[in-house]
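Notes follow once the structure below has been shown.
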Amino acid sequence: MLLKLAWRNLWRNKRRSIITISAIVFAVVLSVLLDSVKKGLLDKMKENVVGFYHGYVQVHRNGYWDDKTIDNSFDYDSMLIASLQRREEVDEVIPRLESFVLAASESMSKGSMLVGVDPEKEDAVTTLKSKLIKGNYLQDGDHAVMVTTGLADYLRLGLNDSLVVLGQGYHGVSAAGKYPIKGLIKFGSPELNKGLIYLPIGESQHLFGADNKVTAFVLKLDNIREAQKTSEELGAMLPHDEYETMSWQQMLPELDQVIQGEEAENKIFQVVLYMLIAFGIFGTILMMTMERQFEFGVMVAIGMNKAMLSLVVVLENIFLSILGAIVGVMVSLPVVLYLYRFPVSLSGQLAEAYENFGMEPIYYFSTDAVVFYTQGLVVLSLALVLAFYPVFKIWKLNPVAAMQS
Amino acid sequence: MENDTPVIVTEQLSKIYPGPVPVHAVNDVDLKVMKGEFTALVGPSGSGKTTLLNLIGGLDYPSNGKVWIRGQEISSLSKSALIEYRLNNIGFVFQAYNLIPVLTARENIEFVMLLQKKSKQERDRRVMELLKEVDLVDQQNKRPGQLSGGQQQRVAVARALASKPAFILADEPTANLDSTTAGNLLDTMVRLNHEENMTFIFSTHDQRVIDRAHRVITLVDGSIARDQIVAVPSDHH
Ligand SMILES: Nc1ncnc2c1ncn2[C@@H]1O[C@H](COP(=O)(O)OP(=O)(O)O)[C@@H](O)[C@H]1O
Ligand SMILES: [Mg+2]
């Protein structure tokens, strides 16, 4: 009977129910969008820097990360590759020989990172090919380079122009080379896009006089969320004095901090949003409670005990809240999917400001299911907590006063 | 139950509303209502009729004095005990909007018996009996919004009876009705008073309603100014 009463009460004042449901739907959509863009941006940031360049775990010669010189390289060891690849959590292992060089055109020069790669394998792990916007992708044995657009623009070089690199090779030999630009690549991360040069690894070993040497093995993982754990396990497996194994969090502590900081900052923002939402939902519940004072008064007067009456009202609000949360998730799903497909690009000064902070001026959205159910549940619980306001009012209700209104 | 058992007894009953100028809404009322009486409470607006009925009905606590219903003193009951007490002992009819809007006429009558946890069988039997008595069998599946004001008040009377209370208390039950409809409602109440030997106490302004009462108590400034027996209560039983 209580259920029946609650159910019918829902449909009795459609306007009021619709207002309440809309408030909840709006709240869910808003918080889903906010959470989605937050997650989307952080995922993208991570992907841009970690996924497209560093990889989630790297193996170096012990001490390399603190002193990134070619002298800290190690021999390419197919046994080591094999033993890494045998691990189930490791999908792919690729070699790199990286070193800092001075890149120059006829008129300009700039410090850059020269990355010797196995072009095909590199693409398998960091999807480098997808970053190519002009020219052709590197091939093994090419005597040519691909450079990032930021660097090319700075040096005022275009496709097929010659790039000169100067640096220090293995054990102090000087390294100098001149390569035609075969392809231009563009990274989402403005920081990375400023100065990267890709060269086939064989050619770079030759350039640096470091035959058969690599500075890093970059690992592609089955599950990127387990980077830290995998890194620790691999570290334990390899001889400590020879190799160091690092997760992206260890390699890029600033990025990890930025991401964690963003998350904390967003929590504050989200709490503020939840408070606004709470006020909105509370308003409709308040309206409902006030409008029904008289009716509540009659029911208590004729002998309905307050616990039962409260239960009816709570049931009503549970119906409304669940309905609102479900509709909210259903409405936000297509919106988020659309924004995921077509991210929002910023333009003008705002875009510049973002780039100056080393961020892409694009709002990416995450379609992670977590976003939907956590936000749906948070708003649902907010609504349910607020549903206890009428219970409180009923508890204090004096039937005489209620019926005078 | 014998008709010489008092259903309601009040002793020096007072209600003072505090304020800069305290209002003595009910002032030292000594009242005795016998089983089967059909009593009208009259008096000018503000004379304390509603306040007195609320005290007798256990909706409000007196500032002084006591109320006994069928020999039980109720003003010492806790609020929650009073709710239970009202459910089982007092039938209420208010001026308007008595009914639960989302329940049909039938369900409104059944509602108090559900609260009393009566069996389905008993509920069905009693609801049908009451629908007949208030002449609303045809309207039983309509919701209050689909019923006229007079029909709504008759449902309210049936609901008040459903719990088998000690008496029915009605605060200006005809105030929102035109005189014909008011007459109908009074007919129903009088009939129930006769047939079920139900005790009624109701407040009213309406002279035609007053004329139907067996006993007329006149309140002035919260005190009983006059208490007239105009007819002998029915004693069909
Ligand atoms: N809740 C209240 N607070 C203060 N004064 C009240 C309250 N309810 C009623 N009164 C006062 O008590 C007196 C009696 O009111 P009431 O019992 O409603 O009279 P009636 O029903 O005869 O019109 C009036 O003067 C009224 O203003
Ligand atoms: Mg009154």
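Residues of region A:86-108 that are exposed (fewer than 15 other Cβ atoms within 10 Å of the Cβ) and free of Cβ contacts under 8 Å to residues at least 60 places away in the same chain: A:Arg86, A:Glu106, A:Ser107, A:Met108.
Does region B:41-50 contain any residue that is more than 16 Å from ligand 2 (Cβ to nearest atom) and in contact with a strand residue (DSSP E or B) (Cβ under 7 Å, 6 or more places away or on another chain)? There is no residue in region B:41-50 that is more than 16 Å from ligand 2 (Cβ to nearest atom) and in contact with a strand residue (DSSP E or B) (Cβ under 7 Å, 6 or more places away or on another chain). Close contacts from region A:378-405, counting a first residue that is in the same structural domain as A:Glu316 (by TED's automatic domain parsing) and on the phi > 0 side of the Ramachandran plot and a second that is modelled with pLDDT under 90 and within 16 Å of ligand 2 (Cβ to nearest atom), with Cβ to Cβ under 7 Å and a gap of 6+ residues or different chains, come to none at all.
Restricting B:Asn184, B:Asn141 to residues that are more than 16 Å from ligand 2 (Cβ to nearest atom), within 14 Å of chain A (Cβ to nearest Cβ), more than 16 Å from the chain's Cα centre (by Cα) and over 22 Å from B:Gly57 (Cα atoms) narrows the list to B:Asn141. All conditions in (1) within 16 Å of ligand 2 (Cβ to nearest atom); (2) more than 30 Å from B:Asn141 (Cβ to Cβ) hold for B:Asn98, with the sole exception of (2).
Would you check if A:Ile21 is in contact (Cβ under 8 Å) with a residue 12 or more places away in the chain and either within 30 Å of A:Ile281 (Cα to Cα) or buried (at least 22 other Cβ atoms within 10 Å of the Cβ) (or both)? The answer is yes for A:Ile21. Per the listing B:Ala170, B:Ala156, B:Ala175, the residue uniquely within 16 Å of ligand 1 (Cβ to nearest atom), under 23 Å from B:Val137 (Cβ atoms) and touching a residue at least 40 places away in the same chain (Cβ under 8 Å) is B:Ala170. The requirement of being away from ligand 1 (no atom under 16 Å from the Cβ), in contact with a Lys or Arg (Cβ under 7 Å, 6 or more places away or on another chain) and assigned to a helix (DSSP H, G or I) is satisfied by B:Asn108.
Is it the case that some residue within region A:272-285 is surrounded by 14 or more Cβ atoms within 10 Å (Cβ to Cβ), within 18 Å of the chain's Cα centre (by Cα) and more than 14 Å from chain B (Cβ to nearest Cβ)? For region A:272-285, residues surrounded by 14 or more Cβ atoms within 10 Å (Cβ to Cβ), within 18 Å of the chain's Cα centre (by Cα) and more than 14 Å from chain B (Cβ to nearest Cβ): absent. Restricted to strands (runs of 3 or more DSSP E) entirely inside region A:62-138, those with at least 2 residues that are over 19 Å from A:Gly195 (Cα atoms) are A:90-104.
Give me the pairs, please: first residue somewhere in region A:42-66 and on the phi > 0 side of the Ramachandran plot, second residue anywhere and of a type outside the set (A, V, I, L, M, F, W, C) and in a helix (DSSP H, G or I), beta-carbon distance under 8 Å, and either six or more positions apart or on two chains. Correct list of pairs: A:Gly55/A:Thr126; A:Gly63/A:Asn72. Taken over region B:74-88, the criterion of being closer than 15 Å to A:Lys396 by Cα and over 20 Å from the mean Cα position of the chain (by Cα) is satisfied by B:Ser78, B:Ser80. Residues satisfying the criterion are present in region A:291-301 (criterion: of a type in the set (S, T, N, Q), surrounded by fewer than 20 Cβ atoms within 10 Å (Cβ to Cβ) and at pLDDT 90 or above). Is it the case, given these coordinates, that A:Gln260 is surrounded by 12 or more Cβ atoms within 10 Å (Cβ to Cβ), more than 14 Å from chain B (Cβ to nearest Cβ) and free of Cβ contacts under 8 Å to residues at least 24 places away in the same chain? The answer is yes for A:Gln260.
Among the residues of region B:88-118, count how many are surrounded by 21 or more Cβ atoms within 10 Å (Cβ to Cβ), among the small types (Gly, Ala, Ser) and at the interface with another protein chain (Cβ under 10 Å from one of its Cβ atoms). Number of matching residues: 1. Every condition in (1) modelled with pLDDT under 90; (2) more than 16 Å from ligand 2 (Cβ to nearest atom) holds for A:Gln404 except the one numbered (2).
When B:Leu136 is tested against (1) more than 16 Å from B:Val93 (Cα to Cα); (2) within 16 Å of ligand 2 (Cβ to nearest atom); (3) aliphatic (A, V, I, L, M), just one condition goes unmet, and that condition is (2). Restrict the check to region B:127-137 and report whether at least one residue is within 11 Å of chain A (Cβ to nearest Cβ), touching a Leu at 6+ places or on another chain (Cβ under 8 Å) and surrounded by 18 or more Cβ atoms within 10 Å (Cβ to Cβ). Within region B:127-137, not a single residue is within 11 Å of chain A (Cβ to nearest Cβ), touching a Leu at 6+ places or on another chain (Cβ under 8 Å) and surrounded by 18 or more Cβ atoms within 10 Å (Cβ to Cβ). Scanning region A:297-355 for residues that are within 14 Å of chain B (Cβ to nearest Cβ) and among the acidic types (Asp, Glu) returns a single hit, A:Glu316.
Okay, residues lined up against (1) modelled with pLDDT under 90; (2) in contact with a strand residue (DSSP E or B) (Cβ under 9 Å, 6 or more places away or on another chain); (3) not assigned by TED's automatic domain parsing to the domain that holds A:Glu263:
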site	(1), (2), (3)
A:His54	yes, yes, yes
A:Val57	no, yes, yes
A:His60	no, yes, yes
A:Phe74	no, yes, yes
A:Phe100	no, yes, yes
A:Ala103	no, yes, yes
A:Met108	no, no, yes
A:Ser112	no, yes, yes
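Could you please let me know if B:Gly58 is crowded, with 23+ Cβ neighbours inside 10 Å, away from ligand 2 (no atom under 16 Å from the Cβ) and within 20 Å of A:Leu397 (Cα to Cα)? Judged against the criteria, B:Gly58 is a match.
Looking at region A:263-286, which of its residues are touching a residue at least 12 places away in the same chain (Cβ under 8 Å) and of a type in the set (Val, Ile, Thr)?
Answer for region A:263-286, where residues must be touching a residue at least 12 places away in the same chain (Cβ under 8 Å) and of a type in the set (Val, Ile, Thr): A:Ile277, A:Ile281, A:Thr284, A:Ile285.
Among the conditions (1) more than 19 Å from the chain's Cα centre (by Cα); (2) modelled with pLDDT of 95 or more, B:Val102 misses just one, which is (2).
The values are calculated or read from the model by the stated rules, or taken from the named source; none is laboratory data. Since we're looking at a predicted model, the values are computed, not measured. All Cβ positions, glycine included, derive from the backbone under ideal geometry; neighbour counts span all protein chains shown.
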